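Student: Below you'll find the structure I mean.
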Amino acid sequence: MILYSFAKINLSLHLLGKRPDGYHEIETLMQTVDLADKITMTECKEGTTVTCSDPIVPSDERNLAYKAIDLIRSNYRITKPGIQVHIDKQIPVASGLAGGSGNAAMTLHGLNKIWSLGLSREQLMALAAKLGSDVPYCLFGGTARASGRGEKVKWLDVENPFYFVLINPPIAVSSAWAYQHVKIDLTNPVSCVSLIVSLLHDGDFDGLISHLHNDLESPVQSAFSAVREARGILADAGIMGVLMSGSGPTVFGILPDRSEAERTADLVRSRISPQWRVFSVSSISQRAISLRCSLD
Ligand code: ATP
């Protein structure tokens with residue numbers, strides 16, 4: 001079985017306060033983009049094997065796809081048969097694009113089919129929440145707002161496509177570090193996600209770019225000059241709406257037109273070192289993801 005696990009970006013990410021369990025209460029608006037890891041799942045005689053084309057990703061029980069297999073095995077008492085998963089990594093690792101969470105989500109879908117478990121959407125969501133805050137959203141992707149620690153997801157029907165140039169500097173930023181360094185007393189306790197949702201529904205591109213927001217951006221930018229540089233490169237290339245995704249370090253610029261995004265990505269590539277990865281991507285809907293992965 002072949003599945004694709006897509007990257008996400010955060011068009012808006014607000015930290016609303018610290019919770020007693022140590023997590024932050026957040027409100028975010030997420031959008032899937034068409035940059036994907038290819039996941040090949042094969043049944044075998046016994047055991048669990050996970051491999052990844054990127055050697056920095058662990059292949060043992062620390063791998064989120066491995067954790068998804070273990071979770072299904074323990075919840076449904078499946079000891080046999082064996083499963084092999086190979087991840088062909090296209091999404092930069094630890095980049096704020098939820099690559100690992102997407103791998104875990106698609107592994108849940110794959111096992112549901114391969115082992116004929118008949119798990120409902122709600123059952124998959126409950127399992128996904130045990131694997132990580134972004135995993136429930138990554139199960140279905142598209143455009144969605146999420147709250148709680150990110151696991152309470154409301155999907156939105158947004159028709160207008162948007163295009164993005166992503167710059168991924170060759171550094172890793174730990175999500176835990178980024179969350180710990182936000183000065184929570186200085187963040188706005190009222191999120192503008194509802195406003196962004198209505199701007200998206202109206203197809204108001206200018207309104208959208210003036211309300212892009214990420215509370216994690218300030219501490220990450222202060223500590224990592226590469227993130228400031230990536231922002232500057234996109235702004236110098238003429239993009240008005242620029243924001244860091246998630247806990248970074250990936251920075252995106254948003255554009256209303258595909259050819260403009262491709263042209264800008266080419267321009268940016270010609271200006272930076274080849275270790276910095278640059279992608280021209282478009283938003284992708286939940287329906288398109290489900291067709292691509294035959295999830296229906
Ligand atoms: P998020 O946006 O959800 O915070 P991210 O894009 O910043 O995620 P990931 O690519 O998911 O980060 O990787 C975070 C960490 O998880 C890395 O340190 C990596 O070693 C580990 N990891 C475990 N499994 C995977 C996987 N299947 N793919 C990528 N990273 C994985």
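The values are calculated or read from the model by the stated rules, or taken from the named source; none is laboratory data. If you're wondering where the values come from, they're calculated on a predicted model, not measured in any experiment. Note: ideal-geometry Cβ built from the backbone for every residue, glycine included; neighbour counts use all protein chains shown. What goes into the accessible areas is simple: the full protein's heavy atoms, side chains included, and nothing from ligands, DNA or RNA. Shrake-Rupley method; radii C 1.70, N 1.55, O 1.52, S 1.80 Å.
Student: Of these, G253, G248, G241, which one is at positive phi, open to solvent by less than 60 Å² (accessible area, probe 1.4 Å) and touching a residue at least 24 places away in the same chain (Cβ under 8 Å)?
Tutor: Working: G253 fails: at positive phi; G241 fails: at positive phi.
Only one candidate passes the filter, namely G248.
Student: In segment 35-71, which residues are near the ligand (Cβ under 10 Å from one of its atoms) and assigned to a helix (DSSP H, G or I)?
Tutor: Across segment 35-71, the qualifying residues are L64, A65, Y66, K67, A68.
Student: Of everything in segment 80-92 that's in contact (Cβ under 8 Å) with a residue 40 or more places away in the chain and open to solvent by 50 Å² or more (accessible area, probe 1.4 Å), which residue is farthest from the ligand (Cβ to nearest atom)?
Tutor: Q84
Student: Then there is this: Only one of S116, S74 is at pLDDT below 95 and in a helix (DSSP H, G or I); which? Give the steps one after another, and end with the answer.
Tutor: Values: S116 fails: in a helix (DSSP H, G or I).
Testing whether each residue is at pLDDT below 95 and in a helix (DSSP H, G or I) leaves just S74.
Student: Residues in segment 11-34: is at least one in the same structural domain as G132 (by TED's automatic domain parsing), more than 30 Å from I184 (Cβ to Cβ), open to solvent by less than 10 Å² (accessible area, probe 1.4 Å) and within 13 Å of the ligand (Cβ to nearest atom)?
Tutor: no
Student: Could you give every pair whose Cβ atoms fall below 7 Å, whose first residue belongs to segment 210-222 and is without any contact (Cβ under 8 Å) to a residue 60 or more places away in the chain, and whose second residue is part of a helix (DSSP H, G or I) and open to solvent by less than 60 Å² (accessible area, probe 1.4 Å), counting only separations of at least 6 or pairs across chains?
Tutor: P219/A178; V220/A178; V220/V227; Q221/V227
Here is a yes/no grid of residues against (1) in contact with a strand residue (DSSP E or B) (Cβ under 9 Å, 6 or more places away or on another chain); (2) open to solvent by 20 Å² or more (accessible area, probe 1.4 Å); (3) at pLDDT 95 or above; (4) more than 15 Å from L15 (Cβ to Cβ):
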{"residue": "E159", "(1), (2), (3), (4)": "no, yes, no, yes"}
{"residue": "K183", "(1), (2), (3), (4)": "no, yes, no, no"}
{"residue": "C192", "(1), (2), (3), (4)": "yes, yes, no, no"}
{"residue": "F205", "(1), (2), (3), (4)": "yes, yes, no, yes"}
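Student: I'm trying to understand the selection: among the residues of segment 93-119, which are farther than 19 Å from S53 by Cα and surrounded by fewer than 21 Cβ atoms within 10 Å (Cβ to Cβ)?
Tutor: Answer for segment 93-119, where residues must be farther than 19 Å from S53 by Cα and surrounded by fewer than 21 Cβ atoms within 10 Å (Cβ to Cβ): N112, K113, I114, W115, S116, L117, G118, L119.
Student: Tell me yes or no: at least one residue of segment 192-199 is without any contact (Cβ under 8 Å) to a residue 12 or more places away in the chain and closer than 20 Å to A144 by Cα. If you could, list the steps in order and put the result at the bottom.
Tutor: Residues of segment 192-199 that are without any contact (Cβ under 8 Å) to a residue 12 or more places away in the chain, as a first pass: 194, 198.
Filter again for closer than 20 Å to A144 by Cα, leaving 194, 198.
Within segment 192-199, one or more residues are without any contact (Cβ under 8 Å) to a residue 12 or more places away in the chain and closer than 20 Å to A144 by Cα.
Student: Same structure again: Does S222 satisfy being touching a Pro at 6+ places or on another chain (Cβ under 7 Å) and more than 16 Å from the ligand (Cβ to nearest atom)? Reasoning before the result, please.
Tutor: Details: touching a Pro at 6+ places or on another chain (Cβ under 7 Å): no; more than 16 Å from the ligand (Cβ to nearest atom): yes.
No; evaluated as a whole, the condition is false for this residue.
Student: On the basis of being under 18 Å from S12 (Cβ atoms) and either surrounded by fewer than 22 Cβ atoms within 10 Å (Cβ to Cβ) or in the same structural domain as S175 (by TED's automatic domain parsing) (or both), does S222 make the cut?
Tutor: Details: under 18 Å from S12 (Cβ atoms): no; either surrounded by fewer than 22 Cβ atoms within 10 Å (Cβ to Cβ) or in the same structural domain as S175 (by TED's automatic domain parsing) (or both): yes.
So S222 does not fit the description; no.
Student: From A176, A128, grab the single residue that is hydrophobic (A, V, I, L, M, F, W, C), under 27 Å from L71 (Cα atoms) and in the same structural domain as R258 (by TED's automatic domain parsing). Spell out how you get there, then give the answer.
Tutor: Details: A128 fails: in the same structural domain as R258 (by TED's automatic domain parsing).
Result of the check over A176, A128: A176.
Student: Looking at I72, I39, I78 in this structure, which one is of a type in the set (V, I, T), touching an Asp or Glu at 6+ places or on another chain (Cβ under 9 Å) and under 27 Å from S290 (Cβ atoms)? Steps first, please.
Tutor: Working: I72 fails: touching an Asp or Glu at 6+ places or on another chain (Cβ under 9 Å); I78 fails: touching an Asp or Glu at 6+ places or on another chain (Cβ under 9 Å).
When all the criteria are applied, what remains is I39.
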